[in-house]
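Report on the following structure.
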Amino acid sequence: MPFHLPPVSRREFLRRSLVAGAGLLTIPALRAADLKADPNRWALFSDTHVAADASMIRFDVNMADHLRAVVDGVRALSSSPAGVLVNGDCAFNHGLAEDYATFTGLLKPLSEAGLPLHMTLGNHDDREVFWGAIKDARPAAPPLASKQVSIVEAGHANWFMLDSLDVTNKTPGVLGDEQRTWLSKALDARADKPALVMVHHDPVFIEGKKTGLLDTAELMEILQPRRHVKALIFGHTHTWRLTEQDGLLLVNLPAIGYPFNKAEVTGWVDCNLRPDGMSLEVHAHDTAHPAHGKVSRLNWRAA
């Protein structure tokens, strides 16, 4: 459920804003057309790591300031995106209610500008705390009782938003049987349009590696044969990388909050969808970074 809010109190804003990520089955993003938004332009955020204390510093970075900067950047675009997708690790470490209050407060200018926001959960979020903040508005029968999932319909593609949170503040993630079954059915029901799958944890292709998505092999068994699935988009590693596997695009979003390696870019990604692919432009906090302003034109694999 995208939201367009007038100015409200901090408590009421928290309650309403989290409804945007409540996991409704299908979210018609074309409602943004009423705002003269581009239905094929999307702002991609990941790993904001916002703490309750907006002055907190991590790795010499103020995470709240970084989120403020990208919010300002999105609002300054020449054409409005259809929405903002925030790919997990919204909160600093443990997914505290106070973290989400600060996080959503920082996003308030986007909602006041009429932009829908859609959120996934990462390993530094807490699902129960997140759901507790929307208990008065969460659907009585969400798509999955155990996970937060949603589908966001765009002009040239559909976004499938997954939930890889396993244990809060523990590094690995997992989808699980129930969510993978739901994803298979949801993809099959929408095979007439390119599908973009977004999940917080990175896919793991190295045997024995335990820091990313533990059921990567099972996920790939779902994605690879369904040729209308064009990209898997993830975060978690705090790096910006574009690769592919058998034609499936693998997009590792940069962190907004902080880098693990000071040489790595931080910022957000401006995504423009086309009938045959998408173009991704990095908006870096450090405008002198080599990745800043670089546009990568990616093509869909054959059907």
Problem - Search result, residues across the stretch 227-259 that are part of a strand (DSSP E or B) and among the β-branched types (Val, Ile, Thr) - result: 229, 233, 243, 251
Exercise for the section: Scan the stretch 147-161 and report the pairs whose first residue is more than 11 Å from residue 39 (Cβ to Cβ) and touching a residue at least 12 places away in the same chain (Cβ under 8 Å) and whose second residue is among the hydroxyl-bearing types (Ser, Thr, Tyr) and surrounded by 23 or more Cβ atoms within 10 Å (Cβ to Cβ), with Cβ atoms within less than 7 Å and a gap of 6+ or a chain change. Expected result: 161/120; 161/150
Handout entry: Close pairs from the stretch 96-122: first on the phi < 0 side of the Ramachandran plot, partner surrounded by 24 or more Cβ atoms within 10 Å (Cβ to Cβ) and of a type in the set (D, E, K, R), Cβ under 6 Å, at least 6 apart
Key = 121/163; 122/89
Handout entry: Test result for residue 107, closer than 19 Å to residue 254 by Cα, in a helix (DSSP H, G or I), in contact with a strand residue (DSSP E or B) (Cβ under 9 Å, 6 or more places away or on another chain) and not aromatic (Phe, Trp, Tyr)
Key = yes
Practice task
Return yes when residue 56 is at pLDDT 95 or above, buried (at least 24 other Cβ atoms within 10 Å of the Cβ), more than 27 Å from residue 144 (Cα to Cα) and more than 15 Å from the chain's Cα centre (by Cα) and no when it is not.
Solution key: no
Completion exercise
The residue that is farthest from residue 253 (Cα to Cα), considering only those in the stretch 224-237 that are in contact with a helix residue (DSSP H, G or I) (Cβ under 8 Å, 6 or more places away or on another chain) and buried (at least 22 other Cβ atoms within 10 Å of the Cβ), is 229
Completion exercise
Residues of the stretch 260-277 being assigned to a loop (DSSP other than H, G, I, E, B) and crowded, with 20+ Cβ neighbours inside 10 Å, in sequence order, are 265, 266
Practice task
Name every residue in the stretch 278-303 that is over 22 Å from residue 48 (Cα atoms), in a strand (DSSP E or B) and either in contact (Cβ under 8 Å) with a residue 40 or more places away in the chain or among the polar types (S, T, N, Q) (or both), in order of residue number.
Solution key: 278, 279, 296, 298, 299
Handout entry: Conditions (1) more than 19 Å from residue 292 (Cβ to Cβ); (2) out of contact with any Pro (no Cβ under 7 Å at 6 or more places or on another chain): number failed by residue 216
Key = (2)
Problem - When residues of the stretch 150-181 are limited to those that are of a type in the set (Val, Ile, Thr) and in contact with a strand residue (DSSP E or B) (Cβ under 6 Å, 6 or more places away or on another chain), the one nearest to residue 275 (Cα to Cα) - result: 152
Practice task
Kindly provide the set of residues from the stretch 165-185 that are within 25 Å of residue 301 (Cα to Cα) and either assigned to a loop (DSSP other than H, G, I, E, B) or at pLDDT below 95 (or both), ordered by number.
Solution key: 175
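The values are calculated or read from the model by the stated rules, or taken from the named source; none is laboratory data. Small disclaimer: the values here were computed from a predicted structure and weren't measured. We place every Cβ from the backbone using ideal geometry, glycine too, and count neighbours over all the protein chains shown.
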